[in-house]
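The values are calculated or read from the model by the stated rules, or taken from the named source; none is laboratory data. Quick caveat: nothing in here was measured; it's all calculated off a predicted structure. Neighbour counts run over all protein chains shown; Cβ positions are idealised from the backbone, glycine included.
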There are 2 protein chains.
Amino acid sequence: MLALATDRYELTMLQAALADGTASRRCVFEVFARRLPGGRRFGLVAGQHRVLEVLQGLRWGEEEIGFLRREGVVDAATADWLAGYRFDGDVDGYADGEVFVPGSPLLTVRASFATAVLLETVVLSILNHDCAVAGAAARMVLAAEGRPLIEMGSRRAHEDAAVDAARAAHVAGFASTSNLAAGARHGVPTAGTSAHAFTLLHDDERSAFAAQVAAMGVGTTLLVDTYDITEGIRTAVEVAGPGLGAVRIDSGDLASHARFARRQLDDLGATGTRVVVSGDLDEHGIARLSGAPVDAMGVGTSVVTGSGAPTAGLVYKLVEVDGRPVAKRSAGKATHAGAHAVVRRHRPSGVATEEVLVTGAAVAHLAAEPGDECPAVPLVRGGEPTAASADAVDLAASRARAADRLGRLPWEGLSLAPGDPAFPTTYRGPS
Amino acid sequence: MLALATDRYELTMLQAALADGTASRRCVFEVFARRLPGGRRFGLVAGQHRVLEVLQGLRWGEEEIGFLRREGVVDAATADWLAGYRFDGDVDGYADGEVFVPGSPLLTVRASFATAVLLETVVLSILNHDCAVAGAAARMVLAAEGRPLIEMGSRRAHEDAAVDAARAAHVAGFASTSNLAAGARHGVPTAGTSAHAFTLLHDDERSAFAAQVAAMGVGTTLLVDTYDITEGIRTAVEVAGPGLGAVRIDSGDLASHARFARRQLDDLGATGTRVVVSGDLDEHGIARLSGAPVDAMGVGTSVVTGSGAPTAGLVYKLVEVDGRPVAKRSAGKATHAGAHAVVRRHRPSGVATEEVLVTGAAVAHLAAEPGDECPAVPLVRGGEPTAASADAVDLAASRARAADRLGRLPWEGLSLAPGDPAFPTTYRGPS
């Protein structure tokens, strides 16, 4: 069904282009964001692992083509063409974990029009979703200042999207996820112990805690805010002893609750018991906990829904046809026709300063500077994944890349307040 | 993998409850919203078709259990229990297309703790996503005042979520979707003709239009805003003749563009050619087009992302254990322990006036009134779907139900402005 995760107009365009011969024109499509949502300072790439799977696995089988024929979407000639579909083009892209700014070509697809146009919807679905989550998650990771974050938003997202959201958050630096499928499918570490329902199920809090400690050991995390937090903590340490792993508080004013909990735990001798908090946290709520004695935080709704920006605003635009730069004329939107080469410039300290996008003959005239890096890497050549693509989508490598790139943002780029991108995008060449 | 679309803590709770014998306690869980997002007046149910699939199809196979054992999530006894998992409880729920307000029990699950607790995450994922889309879509349908809406937001949503978003929008009253998989899987009508890329691919707009008309006939919709709308419309009618099906405008000030386009089309004799507009429309943008000569509207980002509320805020709460009402103590949150029977009251005109939620002995004392309806229907009994469940999740029936319920909202409930729910929720009985 993956092939049908597509807008109908891609098929009607394909049919018309096959009929008039334009389908074979060599095209370049670029995926980029015109702007970052909500005045964010940077975006973070995630989802390229799934884009690569689509590029290699996209097939039009009998089921899909049968549907198109029954519905009258395509004619017999188009159906035949679809039956032989294999992606055979070249693709460059930003690796998972890479930072981006407006204009950054996250993906550059070079192929015939027919081959490339069919990718538009599915590629955008993947990248708009995963980058929305990764971008929000990265801001939370920066706000958490090294304290581990647990992604626990699956219940606030579509059940399939939730799995990929967990992966994207992990790329951005989240320590773990509550989502078991993300563990099974992607190797993201999973976490979780109990909900209020477990306490309510029991005759009293003490029996619930005893049951949990019996099943999971004293290293477990006990949820102490079902009835009364002070009593909950006292009971928790009585049941588990001062070696209790952690207490979790899931409601109320988390900063003050954490302070009281820390003091109470210390008074009870449970000085090694950690304090975990959760409950409607976003990057701003995390930042407000900066001075609180919180050892780990759970984040739900806000991370899986992109914290106010549930889609990354990425578009898939035709920029070149048979070597001719093309662009829609748009009032109020800067258009930059032509395929873009990209160089990211850095200070000697490694801090990023500029994203330079170059078209046409200007490429030959761009003088290399020390500190130049190219954020776009070859992912596919002639339909086959490159050697470099494995590292570009490897989970551990992507996570390390994100940590490196976030560590090399200029200070202004770390601000949670709306403003200009972390570094400017400069266009060179005809536009 | 569906079974693993689950938070890890459900499994750890299961294990601890199996060990101490509480797993077999008879529990009632309810799914409801504490409040409607953004001061909305009503919510609309979608996703119950998928909830039913989960209730019938949820199995823990070797792959899933193998993962849990390797990761040390569950012990051997829990693994054995999971291998035999079949949902064998009773479920009542609001049908797809039903309206809801705060407190409405969208789903009531009666089963052992062990059986019911495993459903929490996946049920919430489904309903939070689909209801978010359906709720936003319903507001758009009301704002459109009978003009057809096309859902075209797939590229702004996760590729799997997009398919279910298209279905949810159709339940709410959208006429069609761009998403082919929603057509193939759910029978939602699909629509779409061409994008700007198709025009840019060609040497000029005229050849692009000629190719499209040759492939799809004069009844097609030509996208006229790639270069200059006035020229685009003139060329479109020259190429297709005055029998051209429609023109689409995808940018700029849609109301004024539509007025100019209508006048120009009429002047060219294309009086039957429809004007279709799209581009960043949400319910407010649709409402602003109220007086414009627009025949159909395409809606993308806003509908698939819930128009500012990407998740419906639904929770899955344990309300009863072995007949004992239970609730977490929450500062600032009204808690209503116990399983709720529900009656919706109406004026003689059929307009809904009140959602009455009744617990315990109060059920026997609630006097029936003319106009009482019960929005909750039996969906599953002893694990088997009821006869009523087929209608509750049938796409056409759900769409008709939504139209009926939206037509019976009180006037205040039709407002797009934030405010109180369309009708109040009243609790009767001990709480």
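Can you pull out every residue in segment B:324-355 that is within 13 Å of chain A (Cβ to nearest Cβ) and crowded, with 16+ Cβ neighbours inside 10 Å? Residues satisfying the conditions are B:Pro325, B:Val326, B:Ala327, B:Lys328, B:Ala337, B:Gly338.
Please determine whether any residue of segment B:312-323 is crowded, with 18+ Cβ neighbours inside 10 Å, part of a loop (DSSP other than H, G, I, E, B) and in contact (Cβ under 8 Å) with a residue 60 or more places away in the chain. So far as segment B:312-323 goes, yes, one or more of its residues are crowded, with 18+ Cβ neighbours inside 10 Å, part of a loop (DSSP other than H, G, I, E, B) and in contact (Cβ under 8 Å) with a residue 60 or more places away in the chain.
A quick yes/no check of all residues on (1) assigned to a helix (DSSP H, G or I); (2) more than 11 Å from every other protein chain (Cβ to nearest Cβ); (3) β-branched (Val, Ile, Thr); (4) over 30 Å from the mean Cα position of the chain (by Cα):
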{"position": "B:Ala169", "(1), (2), (3), (4)": "yes, yes, no, no"}
{"position": "B:Ala181", "(1), (2), (3), (4)": "yes, no, no, no"}
{"position": "B:Ala197", "(1), (2), (3), (4)": "yes, no, no, yes"}
{"position": "B:Ala208", "(1), (2), (3), (4)": "yes, no, no, yes"}
{"position": "B:Ala215", "(1), (2), (3), (4)": "yes, no, no, yes"}
{"position": "B:Val237", "(1), (2), (3), (4)": "yes, yes, yes, yes"}
{"position": "B:Ser256", "(1), (2), (3), (4)": "yes, yes, no, yes"}
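All of (1) under 29 Å from A:Asp391 (Cα atoms); (2) of a type in the set (Gly, Ala, Ser); (3) away from chain B (no Cβ under 14 Å) hold for A:Ala5 with one exception: (3). Scanning segment A:153-167 for residues that are within 7 Å of chain B (Cβ to nearest Cβ) and either on the phi > 0 side of the Ramachandran plot or in contact (Cβ under 8 Å) with a residue 24 or more places away in the chain (or both) turns up A:Ser154, A:Arg155, A:Arg156, A:Ala157, A:Ala161, A:Ala162, A:Asp164. Residue check: is A:Asp225 among the charged types (D, E, K, R) and either under 25 Å from A:Ala172 (Cα atoms) or free of Cβ contacts under 8 Å to residues at least 24 places away in the same chain (or both)? Judged against the criteria, A:Asp225 is not a match. Of the residues making up segment B:292-310, those that are under 19 Å from B:Ala417 (Cα atoms) and either part of a loop (DSSP other than H, G, I, E, B) or touching a strand residue (DSSP E or B) at 6+ places or on another chain (Cβ under 9 Å) (or both) are B:Val303, B:Thr305, B:Gly306, B:Ser307, B:Gly308, B:Ala309, B:Pro310. Determine if segment B:74-83 includes at least one residue that is on the phi > 0 side of the Ramachandran plot, assigned to a helix (DSSP H, G or I) and surrounded by fewer than 21 Cβ atoms within 10 Å (Cβ to Cβ). For segment B:74-83, residues on the phi > 0 side of the Ramachandran plot, assigned to a helix (DSSP H, G or I) and surrounded by fewer than 21 Cβ atoms within 10 Å (Cβ to Cβ): absent. Answer yes or no: is there a residue in segment A:103-112 that is among the polar types (S, T, N, Q), more than 8 Å from chain B (Cβ to nearest Cβ), in contact with a helix residue (DSSP H, G or I) (Cβ under 6 Å, 6 or more places away or on another chain) and surrounded by fewer than 24 Cβ atoms within 10 Å (Cβ to Cβ). Yes, segment A:103-112 contains a residue that is among the polar types (S, T, N, Q), more than 8 Å from chain B (Cβ to nearest Cβ), in contact with a helix residue (DSSP H, G or I) (Cβ under 6 Å, 6 or more places away or on another chain) and surrounded by fewer than 24 Cβ atoms within 10 Å (Cβ to Cβ). Scan segment B:184-195 for residues that are facing another protein chain (nearest Cβ under 10 Å), surrounded by 18 or more Cβ atoms within 10 Å (Cβ to Cβ) and not in a helix (DSSP H, G or I) and jot them down. Hits for segment B:184-195 are B:Thr190, B:Ala191, B:Gly192, B:Thr193, B:Ser194, B:Ala195.
Only residues that are within 11 Å of another protein chain (Cβ to nearest Cβ), part of a helix (DSSP H, G or I) and crowded, with 24+ Cβ neighbours inside 10 Å were counted in segment B:16-49, giving 2.
From the list B:Phe67, B:Phe87, the lone residue that is farther than 29 Å from B:Arg405 by Cβ, surrounded by fewer than 23 Cβ atoms within 10 Å (Cβ to Cβ) and not basic (Lys, Arg) is B:Phe67. Counted as qualifying within segment A:338-431 are the helices (runs of 4 or more DSSP H) with 1 or more residues that are modelled with pLDDT of 95 or more, namely A:387-393, A:395-407. Taking the numbered list (1) small (Gly, Ala, Ser); (2) closer than 28 Å to B:Val321 by Cα; (3) not in a helix (DSSP H, G or I) in turn, B:Ala116 passes all entries but (3). Would you confirm whether any residue within segment A:10-25 is of a type in the set (Asp, Glu), more than 24 Å from A:Thr426 (Cα to Cα) and in contact with an Asp or Glu (Cβ under 8 Å, 6 or more places away or on another chain)? Yes.
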